[in-house]
Amino acid sequence: MTTFSLLITHSPTNSGEPYAAWRFASSALRLGHDISGIFFYGEGVHNASSLAVLPSDEVNLHRAWKDLHNEYKVPLYTCISAANRRGVLSEHEARDAGLIHHNVDTPFIVSGLGEFFSLLHSSDRMVQF
Amino acid sequence: MVSLTLILTCPPYSSCAAKEHLDMALAAGNFDTDVTLIFTGDGVFNVVDNQQPEKTLQQKPLAKTYGALPFYDVENVFVCADSLKQRNIDATQLIDVCTVKSASNIKQLIGDAQHVVVF
């Protein structure tokens, strides 16, 4: 059994990487491996936005990550600085910035880069998508 | 000690990649992580000295922050010689903190790395 952590640096709309990451994570967990956490950085923070509305016959990755969390309790971290500069905000940050809307909710956790390094230290392999 | 190799392949100023690459490099020291930086492909433009993007692009030059890398215990900063040659950049044009290495040496470094993140 291997403990993985995942680093997602692409958005669902400009790359197939996040979908590949989700398939990798689902398969690894189903096979009994462990994923200590998934860290969304760079363009990857768009995965955390709950305001993406997709046609019903397309994969909604935001929802897929949530389902993965609900089934396996994998923590989902979003880098705060990468997210904020791209308009991906939790209610708390939106309020601090005087903005009305927010698009990050649980189970996504807005965190610093420290969380990425914690994952790096607590896993056998970090895989970037 | 965990070691992390951060590869930058993107040019400066056209995306957040260089900034986020640097943010991760600077944070590594605070979290007991030994970091190696590799600049290859268009990423080598980031370490060219005397950049003045303030007026035309309204951005700050990252090269100044790269100069501070030794203060963050980031000593391993490698630039691909072949990428420089392809772009007609001379090693003397680079900021001081870099060491130029051949593409085969860079390949070896990446092969030997514990963890790798590509920007």
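Table: residues versus (1) of a type in the set (D, E, K, R); (2) open to solvent by less than 30 Å² (accessible area, probe 1.4 Å); (3) within 14 Å of chain A (Cβ to nearest Cβ).
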position	(1), (2), (3)
B:Asn30	no, no, yes
B:Pro61	no, yes, no
B:Val77	no, yes, no
B:Ala81	no, no, no
B:Lys85	yes, no, no
B:Lys101	yes, no, no
B:Ile106	no, yes, no
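A count restricted to segment A:4-27 and to residues that are more than 14 Å from chain B (Cβ to nearest Cβ) and surrounded by fewer than 21 Cβ atoms within 10 Å (Cβ to Cβ) stands at 8. Looking only at residues of segment B:18-27 that are within 7 Å of another protein chain (Cβ to nearest Cβ) and of a type in the set (A, V, I, L, M, F, W, C), we find that the one that is farthest from B:Val77 (Cα to Cα) is B:Ala27. The criterion of at least 1 residues that are away from chain B (no Cβ under 14 Å), at pLDDT 95 or above and buried (at least 19 other Cβ atoms within 10 Å of the Cβ) is met, among helices (runs of 4 or more DSSP H) falling completely within segment A:47-129, by A:61-72.
The values are calculated or read from the model by the stated rules, or taken from the named source; none is laboratory data. Treat the numbers as computed from the prediction; the structure is a model and nothing was measured. Here Cβ is always computed from backbone atoms with ideal geometry, including for glycine, and neighbour counts include all displayed protein chains. Surface accessibility is based on the protein's heavy atoms, side chains included, excluding ligands, DNA and RNA. Shrake-Rupley method; radii C 1.70, N 1.55, O 1.52, S 1.80 Å.
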